[in-house]
1. Angle between the Cα long axis of helix A:76-86 and the longest principal axis of chain A, 0 to 90 degrees, nearest 10?
2. Equivalent-ellipsoid semi-axes (√(5λ), Cα gyration tensor) for the protein assembly as shown, whole Å, largest first?
3. When Cβ neighbours within 10 Å are restricted to other protein chains, what is their mean count per residue of peptide C:220-230?
4. For region C:57-219, what is the convex hull (Cα atoms) projected area averaged across all directions, in square nanometres?
5. Helix check for chain C. Which DSSP H runs span at least 24 Å along their own axis by Cα, with a mean Kyte-Doolittle hydropathy no less than 0.0?
6. Amide H of C:E147 versus every other amide H placed in the peptide plane: which residues, excluding those fewer than 5 positions away on the same chain, fall under 5 Å?
7. Enumerate the amide H contacts of C:A343 below 5 Å, restricted to partners 5 or more residues apart or on another chain; note that Pro and chain-start residues carry no placed amide H.
8. Just checking the output field for A:76-88: average partner chain Cβ neighbours within 10 Å of each residue's Cβ?
Amino acid sequence: MSLIELRHVTKTYRKGEHVVTPLADVTLDVEKAEFFVLVGPSGSGKTTLLNLIAAIDRPDSGSIRVGDVELGTSSSSRLADWRAEHVGYVFQQANLVPVLTAYENVELPLYLFGLSAAERHRRVALALEAVGLADRATHLPKQLSGGQEQRVAIARAIVADPEILVADEPTGNLDHESAEGVLELLSRLHLERKKTVVMVTHDPRAARFGTRRMVLDKGILREEAAAR
Amino acid sequence: MTSSNFLRAFLPIAVVGLGLVACSDSKKSASASVELPTSALPENYHLAAEPANARDVLIAKTELKDGEPVVLRGRVQDFVNGMAAFTLTDGALKSCDQEGPMKSCETPWDYCCTDPAELNAASAVIEFRDGEAVRRTDARGFHGLDHLKWVTVKGIAKTDDKGNLTVIADGIYVKP
Amino acid sequence: MARRLPLDYAVLNLGRRPGRTLLAGASSALVAALLVATAAFVRGLDTTFQGAARADTAIVLSSVAERDVVRSTVTAGLGELIAASVRGVATVDGVACVSDEIHMGTNLRLGDDERVRAGFVRGVTDRAFLVHDAVTVTEGRTPRTGEVIVGRLAAEQLGAREEELAVGRTLRFENSAFTIVGRFAAPGTTIEAEIWTPLAPLRGLTKRDDSSATFVKLESPDAIGELALFAKRRLDLELVVIPSAVYYRELSDYFAPIRRLSWALAALIALAALFGGANTLNAAVQDRVRELATLRAIGYGPWALVLSLAEEALVLASAGALVGLVAARLFLAGSSVRIAMSAFQLTLDPPAILVGIAGALALALFGTAPAALRVLKLPVAAALKEN
């Protein structure tokens with residue numbers, strides 16, 4: 001059984017007077033410890049698909065099962081709990097809390113687990129170490145470069161040790177060098193920690209890092225051979 | 001959220017808030033005569049039938065001498081709280097509920113529409129005594145005794161040179 | 001699963017827009033100070049007008065005066081008559097506690113100052129001190145003919161400086177000069193705003209041979225019935241007996257519109273502050289939509305965010321309220337207010353302070369509502385894309 005199973009998933013929303021269908025009858029399986037990359041042009045529904053997998057959004061029809069949890073029928077508070085435990089989300093922008101330091105930003109998800117301060121400290125230190133920013137712990141986001149901010153965001157995504165990492169255009173706002181660094185980091189997490197990574201990108205260079213690649217266009221999924 | 005949404009969200013809260021801070025006058029308590037207390041006045045004061053030869057207060061005040069037995073009739077004007085005593089007013093005087101500009105007066109028993117001097121001249125005090133002292137109990141409520149009730153009292157007159165009349169009662173008939 | 005955001009997040013958020021935070025804090029301070037001032041005013045008013053009320057004291061006044069002591073006239077020897085006729089009148093060393101008094105509002109001039117001031121003068125005998133036992137002469141001595149003693153708040157009531165009513169100074173009324181020979185206190189009563197002078201000479205000056213009312217102290221509250229009975233027996237004297245508790249309560253009720261107006265004014269300003277606070281927090285949420293959506297994506301439930309917003313508002317309101325209370329303490333403590341023919345001190349007591357704090361905090365909580373609603377309805381997926 002696949003870790004992530006989407007069956008005949010359709011999602012529509014209204015945009016003014018028009019009904020937009022970013023996902024039409026999508027069926028998809030993502031295996032455990034896979035680095036799955038979804039490519040496609042802007043507005044093709046990639047982020048919608050990612051949000052459905054991360055239980056931030058719900059489908060209009062069809063089913064989404066992750067592990068043994070059916071996301072479409074769970075309550076929103078149950079989904080919030082599930083998200084905290086199973087999913088680390090990396091956004092196009094780092095979305096760090098500007099008034100908190102790198103350390104405090106990474107610590108945020110851990111408050112959801114009732115851990116002791118010592119345990120939180122241990123995990124945050126490990127996460128910052130993993131992204132190579134242990135020496136930037138006390139810096140505020142505005143004191144970090146774009147690449148460093150995104151790496152702090154990745155540390156925040158992995159600090160609670162979720163099995164799935166979802167990344168929405170994680171290099172979209174970065175220069176070439178920083179982008180490479182972030183992608184290598186994601187790849188390393190996938191290889192060394194056996195994380196299942198689902199990444200959305202429209203950057204062909206980024207797509208190379210995936211073990212499997214699919215194209216989403218006008219709501220329809222098409223499989224392509226892995227590029228790596 | 002647009003500003004109209006903001007207002008929509010906020011207005012009910014504001015209304016509740018205003019309701020909390022707004023002061024409102026509690027309704028005036030109902031007139032004193034709504035609930036009649038029970039009187040602990042001894043039963044032997046009660047007269048089942050109206051005694052004969054009753055005099056009106058105004059006439060009695062001019063005729064009576066100190067120490068004379070008297071039968072006096074009139075309407076109850078006011079009670080003395082905690083004391084077995086009340087003022088009896090000549091039946092010729094109209095209480096507020098009977099006539100006058102203050103027909104809707106909430107306390108007609110105090111004859112507030114009548115000139116106080118005229119009222120005092122037409123009133124006497126009825127006392128129920130134990131020896132020399134007036135009994136320390138309310139007379140109100142004794143066999144339905146209440147403000148503006150027609151009563152006839154039997155007793156001994158006490159007068160002074162100022163024209164005041166007190167009757168030390170030994171019996172009272174309360175007209176139903 | 002523990003679902004709260006750390007308090008640090010709420011506190012640090014306050015530093016994001018210092019100007020806005022300062023403004024919201026200042027409005028909390030203003031509300032707290034205003035509510036404390038209003039509560040102190042109303043409590044001062046209430047306690048002062050009811051402070052003179054005693055369960056064992058009654059006022060005998062004319063039944064035609066509509067319960068107004070100044071308008072009332074009773075026969076000159078009423079006190080003696082009551083002492084001789086009524087059972088249960090209290091005595092001190094064999095002297096009956098009955099006090100014939102003249103109460104009058106009159107035009108006064110202080111020293112050589114020709115400015116006319118409206119003051120309240122009470123003509124008394126020595127027995128007044130037996131009945132009004134809250135009165136203590138704090139400086140000087142009791143007055144004789146041509147002399148007065150002044151209450152602690154008389155200067156406030158006259159709109160004069162304290163030194164203008166110092167012992168040894170003079171004041172003039174009814175075409176006569178009076179020397180101030182003493183000062184008195186009667187804490188928590190309206191009496192403190194009065195000027196007392198001997199009764200008999202005052203009768204002469206005002207060309208009256210009566211009194212305004214007789215104050216009677218009884219052995220027990222039960223004896224008020226005996227006094228009322230006396231008034232009924234002596235219908236010729238046209239008297240009415242009012243327990244002092246009732247009299248002062250009615251006097252206090254007279255100021256109910258002022259109390260209501262004060263609260264309404266405070267409520268109005270608080271409401272403005274409420275709107276201001278709500279708007280500020282709402283704007284803060286608008287600024288932070290993507291960040292809040294991120295927190296939701298991380299796994300925080302909507303109520304965790306609402307709680308954090310409430311903490312943010314409460315922390316600010318508490319700080320503001322504290323400043324407001326300190327300001328109120330500095331500016332209001334010991335102040336007195338002139339009202340009608342009297343004056344009273346503001347009562348800055350724990351209940352008044354509690355009203356200020358509770359008001360500021362309640363407003364902060366109410367003000368969170370629109371922002372909270374917005375957070376609860378936040379469409380996370382869409383908000384993550386907001387710029």
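1. 60
2. Numbers: eigenvalues 1517, 224, 75 Å².
Working from the Cα gyration tensor, I get semi-axes of 87, 34, 19 Å.
3. So the per-residue partner count for this stretch is 4.
4. Computed as one quarter of the Cα hull surface, the answer is 9.4 nm².
5. Membrane-span-like by this rule: C:18-51, C:256-287, C:302-332, C:350-376.
6. C:T179
7. It is C:A193, by chain and number.
8. Rounded to a whole number, the mean comes out at 4.
Computed from the coordinates by the stated procedures, all read-outs in this text should not be read as laboratory data. These numbers come from a predicted model, not from an experiment. No Cβ is skipped: glycine too gets one built from the backbone with ideal geometry, and neighbour counts run over all protein chains shown.
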